[in-house]
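Take a look at the structure set out below.
The values are calculated or read from the model by the stated rules, or taken from the named source; none is laboratory data. Since this is a predicted model, take the numbers as computed values, not measurements. Backbone-built Cβ (ideal geometry, glycine too); neighbour counts: all protein chains shown.
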Amino acid sequence: MGVNYREQYERRQLEPFWPNEIIKMTCAVLFTMAVIMFFAVLPVLLELASVHGVMEQEEPANARITPPHIRPEWYFLSVYQYLKLMPAQLVGIEGSALGVLTQGVGIVVLLLLPWWHQVADAGLDRRDLRRAVAALAVAFVTFVVASTAVVGAYQRWSANIGPWLHPAFWLPALAVFSWAGVYLAFRRAGFVAVGSWLRVLSVALLFVVFQGVVYLIVLGQGLSHVVGAWAGYGLGTVLFLTACAWMLSQLSAQWTPRAGAGRTLLFWFVVTENIALFLGLMLWARWPQGGWLDEAGALTHEARQLLMMGAVVLIVLLVFSLLIAMERRSIRRVLGAPTATGRAKG
């Protein structure tokens, strides 16, 4: 059953998608590209204006010599620092592959956010919770068994067949096939609402996994180098349990009248957490290793680079906030949050 926005909103609140939205999105894209191009040529312009120390002053690349410390461009700094925090090996998967896979969890969570509003209108019955948990358990066990087989085969035969069995390639596909197979099986057995239930419970499971990555691996591993392993992982565990309890309480509120407000609050929490994680890791990767000042008392080259990056980050955050403020009504409508007109009609 489709949604008729003409019945839910007044005429002055509606606007045609074409050309209004297309023009706004085109302007946003062009403005973003202009900002990126400006900061790309800014170091060159500063050097031409006799403002030295901004551009990278490094030796020409030598294909025969690997530098002792390689750092990628700024847009890969967060990924670079995140991979450095990964353990060497966990459950048979090397740290690099584990880092790539766990980063995909946050992306999947963000992609699922706009579809939460469908859950509130799906007519879910709590009496089906046991069957829903059983379906999720079957999908998870199927995924774990298949993943274990793939990891074992990769460790045994990778020397003969190459990287074709690498977990980074197969684990996402196995997750999709496991959930799809369970959905079809339970649907055929008469569980009509299995799709909506799997969506709700899978989002909850992804939240738990993502919080574990953020607070246990990133924060715990990072703080363990500063305050010790027990204190670092202890603080990470406390924050992990607190965030999981709050997020699961918001997800369980999908059946209450405050579901719209809960979805909006959870949306902003996840988006803010992802942005903070990305920016924090990016600045962490650029943190001056030898201190902020040199022997003459001036800022070191790494310190100047970090301050320049911090200024760029603040400007980007300001632009991003302005764009979000401009599209706030559309975001609230997508997330199912009640508007003034909707509350008045209710």
Considering residues that are buried (at least 16 other Cβ atoms within 10 Å of the Cβ), assigned to a helix (DSSP H, G or I) and not aromatic (Phe, Trp, Tyr), the number found within region 166-194 is 8
- Item | Selection status of LEU98, within 30 Å of PHE207 (Cβ to Cβ), at pLDDT below 75, out of contact with any helix residue (DSSP H, G or I) (no Cβ under 6 Å at 6 or more places or on another chain) and surrounded by 13 or more Cβ atoms within 10 Å (Cβ to Cβ) | no
(1) modelled with pLDDT of 85 or more; (2) touching a Leu at 6+ places or on another chain (Cβ under 7 Å); (3) of a type in the set (S, T, N, Q) all hold for THR242 apart from (2)
query: Does ARG131 meet the test of being farther than 25 Å from GLN211 by Cβ, in a helix (DSSP H, G or I) and either modelled with pLDDT of 85 or more or of a type in the set (A, V, I, L, M, F, W, C) (or both)?
result: yes
Taking region 26-83 and the residues there that are among the charged types (D, E, K, R) and closer than 28 Å to ALA97 by Cβ, the one that is modelled with the lowest pLDDT would be ARG71
